[in-house]
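Let me begin by presenting the structure, written as structure tokens, before commenting on it.
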There are 2 protein chains.
Amino acid sequence: MSSIKDVAREAQVSIATVSRVFNNPGVVSDQTKTRVYSAAEKLKYTPNFSAKTMRKSIVGTIIVMIPDISNTFFIDIVHGAQDYAEMRGYNILMGRFDILHFDLRKYVELVKSKAADGIVMALGHNRHFASVAEAKNIPIVTIEEKFMENPYIYVDNSEAINKIVEYLISKGRTRIGFLGFKSEKERLFAFKNSITKNGLEYDEELVKKGDEFGEAVYTSAREYVETILKNGKIPDAVVCASDVLAAGVIKWLIKNGLRVPQDVAVTGFDNIEVAELVHPGITTVEQPREIMGREAARLLINKIEGQEVAKKIGFRTRIVIRDSA
Amino acid sequence: MSSIKDVAREAQVSIATVSRVFNNPGVVSDQTKTRVYSAAEKLKYTPNFSAKTMRKSIVGTIIVMIPDISNTFFIDIVHGAQDYAEMRGYNILMGRFDILHFDLRKYVELVKSKAADGIVMALGHNRHFASVAEAKNIPIVTIEEKFMENPYIYVDNSEAINKIVEYLISKGRTRIGFLGFKSEKERLFAFKNSITKNGLEYDEELVKKGDEFGEAVYTSAREYVETILKNGKIPDAVVCASDVLAAGVIKWLIKNGLRVPQDVAVTGFDNIEVAELVHPGITTVEQPREIMGREAARLLINKIEGQEVAKKIGFRTRIVIRDSA
DNA sequence: ACCTCCCTTGAAAGCGATTACATACATGAA
DNA sequence: TTCATGTATGTAATCGCTTTCAAGGGAGGT
């Protein structure tokens, strides 16, 4: 690889001039610029990234961390962040964390060693990770999670659940069940509130806290269906805290001879691809995932570049009506 | 941020010694080591990444490029690559490309500027991108795609399709249709071969080349179903080149009153989450995605580190039988 | 003709590390 | 005691680039 020195020699100018041609072309004469450009082209010169960032305080790379699950929900967030980051001239370093044994230190280290400038954490429903003392003083933005004093992006889960419940009620459903997550309380809480607020009875037996990730999700859905079948108390609608859960519930209801939505309406949450693909299509809540990713990246980059940023940014959700409810 | 110089001063040693403590601790005395460690701790010293890589020839970052679509297929590949890369001390820089207007240059530039060491491209079925002259002489490994003279990872599509076809035949299906991709010929070709080889008639009217990505996939599936319905020639089985296509076909068949698999069996390809989630579950072909990602990373890192690597590595597929066929 | 001022360019310091080479000291062999 | 050897550490060059400071030279003003 040829360096700035080689180009300088080839163009018969100093290395300072070569540097200027690429970083501050305005100050150098046209004639010199031409010479430098053609020398650079001839030698296939590409400025060395490390050398450059060693002199600058900003690297131009941000880390986006998502849980170690394959879920398009998180991918959209990454995409959104990436689009925005690219616009601002930043690259994305993919971080990944094990939802149960989460070690943030590695990534904090990456930022401290100036391999990256900051971190976006898309946490979903993970409440397991501990605070990391080292994580102080490095730029972090989280999504759907508050982490220390850092800015975060969130959606109004209560409002979303309430919208879903009221939609079901407007369709004449009165015995509404809920399948949520073990480690996420907000949606269940919102569900309970919404049910009582609307004058319905909150029935513990129609409510279950399932698993959030991996194969266990399917199992949770199946168990939920088996339970209500065994209890003989069949709800006329089930609100699920994710589309994957909803798809599972639909599948097992149908397998057991129930019709969706005629016998039981089912709603999801997230509006990922699955919601469109299954039959019947899932009525669900859409969160602006790409935009949330963008905004997280925006906050982070602004923070990295020393600007004041908002403490938090909230987004509203939107109900997507399909055939399942 | 404190630098090696600060630590040296604090520990009353030279910077060379500090560097040795972190890179080659064997040669420095225990006493000195202790002094340096505590000085480093006190000053919260973290070695600067750029400064380090400026002296080394290897950066420790590889780029993994996947199409700009949300598909768990590619995510698993990234995960596999990431696991392996981490083991070897490398980070993953997420690349992303627009499946239609693909510009490799940006990422090639990243490698040339030594922001990363090499590229893994998971191409799926994209045949659109042009060769990039600049991409010569940089370490690249592709998945499911041959790109210039670079090593690649592949699966035996013909064998997979043949296995699926023969499975269907063994279940008594004789009028088998195919829904493939516009830009991928291999699977269609394999299908045609398999059909004739097994003494069945290859019927153009039961074959369609659909879209591969995004919303257009659903449309392709719907159009396929509409076409066969309109023609009045209903196959008793449909082989689809992806699970998403298969899910779409199942959905539209059911909507039109046909039963899956009783009236029409449907098979997919990939074994992504969707195959498990929909009802009926999709019988499909599984590719070892994570392992493919791992192997790609392994080849790439070996190449980066100057070892000889295989020209290509093939994987066999496995049929996953569910209810749709 | 002389002095400013601006435009362009070069020289050199410095970013934070690694590492080849040199040096100092202790140890054991002769 | 002397010398060779090995161990621990320091000195300084170097990686490739940015940036400050200085300087050369032409243009314009007086």
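One table, with the values for the structure above:
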{"item": "Rounded tilt (10° steps) of A:289-304 against the dominant C-alpha axis of chain A", "result": "40 degrees"}
{"item": "Cβ neighbours within 10 Å from other chains - mean over A:108-121", "result": "3"}
{"item": "Debye-sum result for the protein assembly as shown in log10 I(q)/I(0), which assumes one identical scatterer on each alpha carbon, at q = 0.07, 0.11, 0.12 Å⁻¹", "result": "-0.54, -1.15, -1.29"}
{"item": "Among A:307, A:12, A:262: highest mean-square fluctuation, GNM of chain A, C-alpha pairs under 10 Å", "result": "A:12"}
{"item": "Residues whose placed amide H lies under 5 Å from that of residue B:97, excluding near-sequence neighbours", "result": "B:66, B:68"}
{"item": "Rg/Rh ratio calculated on Cα atoms of the stretch A:4-47 (Kirkwood radius)", "result": "0.90"}
{"item": "Protection-proxy order for peptides A:229-236, B:222-229, B:251-258, each taking the mean of Cβ atoms within 10 Å per residue, highest first", "result": "B:222-229, B:251-258, A:229-236"}
{"item": "With Cα atoms, 0 to 90° folded angle of helix A:243-255 axis to chain A main axis", "result": "40 degrees"}
{"item": "Residue-averaged [θ]222 nm for the protein assembly as shown, counting only DSSP H segments that reach four residues, each worth -39500 (n - 2.57)", "result": "-13000 deg cm²/dmol"}
{"item": "Protection proxy ranking, peptides B:263-276, B:287-300, average beta carbon neighbours within 10 Å, highest first", "result": "B:263-276, B:287-300"}
{"item": "Rounded percent of accessible protein surface that carbon and sulfur make up, the stretch B:254-322, 1.4 Å probe", "result": "44 percent"}
{"item": "Among B:78, A:65, B:34 - extreme Cα towards positive end, dipole of the protein assembly as shown, charges at beta-carbon", "result": "B:34"}
{"item": "Using θ = phi - 60° and Karplus 6.51 cos²θ - 1.76 cosθ + 1.60, couplings along the stretch B:264-270 (whole Hz; Gly, Pro as x)", "result": "9, 7, 10, 10, x, 7, 2"}
{"item": "Straight-distance crosslink candidates among lysines, where the alpha carbon sits under 16 Å from residue B:208 and sequence neighbours closer than 8 are dropped", "result": "B:182, B:185, B:192, B:230, B:233"}
{"item": "Residue-averaged beta-carbon neighbours from other chains (10 angstrom radius) around A:80-90", "result": "1"}
{"item": "Given charges at beta-carbon only (K, R positive; D, E negative), |dipole| of the stretch B:4-47 in Debye", "result": "60 debye"}
{"item": "Shielding score for B:273-283, defined as the mean number of other chain Cβ atoms within 10 Å", "result": "6"}
{"item": "Average accessible area per residue (Å²) across chain B - probe 1.4 Å, nucleic acids and ligands excluded", "result": "43 Å²"}
{"item": "For the stretch B:253-325 and the stretch A:145-167, distance of Cα centres in Å", "result": "35 Å"}
{"item": "Between B and A, accessible area buried - total, square angstrom, nearest 100, 1.4 angstrom probe", "result": "4700 Å²"}
{"item": "Relative contact order (%) - the stretch B:164-243, alpha-carbon pairs under 8 angstrom, separation at least six", "result": "47 percent"}
{"item": "Relative contact order, percent, chain A [alpha-carbon distance under 8 Å, six or more residues apart]", "result": "18 percent"}
{"item": "Test item: Cα-centred dipole of the stretch A:157-286, Lys/Arg +1 and Asp/Glu -1 on Cβ, debye", "result": "420 debye"}
{"item": "Using a 7 Å Cα-to-Cβ projection, residue B:320 label spacings across copies, nm, ascending", "result": "2.2"}
{"item": "Segments A:62-68, B:238-244, A:135-141 sorted - mean Cβ within 10 Å per residue, highest first", "result": "B:238-244, A:62-68, A:135-141"}
{"item": "Largest-first ellipsoid semi-axes for chain A, taking √(5λ) over the Cα gyration tensor eigenvalues, angstrom", "result": "52, 19, 17"}
{"item": "Antiparallel DSSP beta bridges within the protein assembly as shown, percent to nearest 5", "result": "10 percent"}
{"item": "Farthest positive-ward along chain B dipole, Cα basis, beta-carbon charges - from B:319, B:118, B:174", "result": "B:118"}
{"item": "Amide hydrogen neighbours beyond the local backbone of residue B:233, cut-off 5 Å, H modeled", "result": "none"}
{"item": "Folded to 0 to 90 degrees: helix B:216-231 orientation relative to chain B principal axis, Cα", "result": "10 degrees"}
{"item": "Accessible-area composition of the stretch B:7-137, carbon plus sulfur, in percent [1.4 Å probe]", "result": "49 percent"}
{"item": "Cβ-placed point charges (K, R +1; D, E -1), dipole of the protein assembly as shown about Cα centre in debye, nearest 20", "result": "1880 debye"}
{"item": "Across the identical copies, how the residue B:158 labels are spaced - nm, sorted shortest first, 7 Å along Cα→Cβ", "result": "6.3"}
{"item": "For residue A:201, label point 7 Å along C-beta direction: distances to other copies, nm", "result": "6.3"}
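The values are calculated or read from the model by the stated rules, or taken from the named source; none is laboratory data. As the structure is a computational prediction, the values presented were derived from the model and not from experiment. Heads up, the Cβs are rebuilt from the backbone with ideal geometry, glycines too, and the neighbour counts pull from every protein chain shown. To get the accessible areas, we keep the full protein, side chains included, count just its heavy atoms, and leave off ligands, DNA and RNA. Shrake-Rupley method; radii C 1.70, N 1.55, O 1.52, S 1.80 Å.
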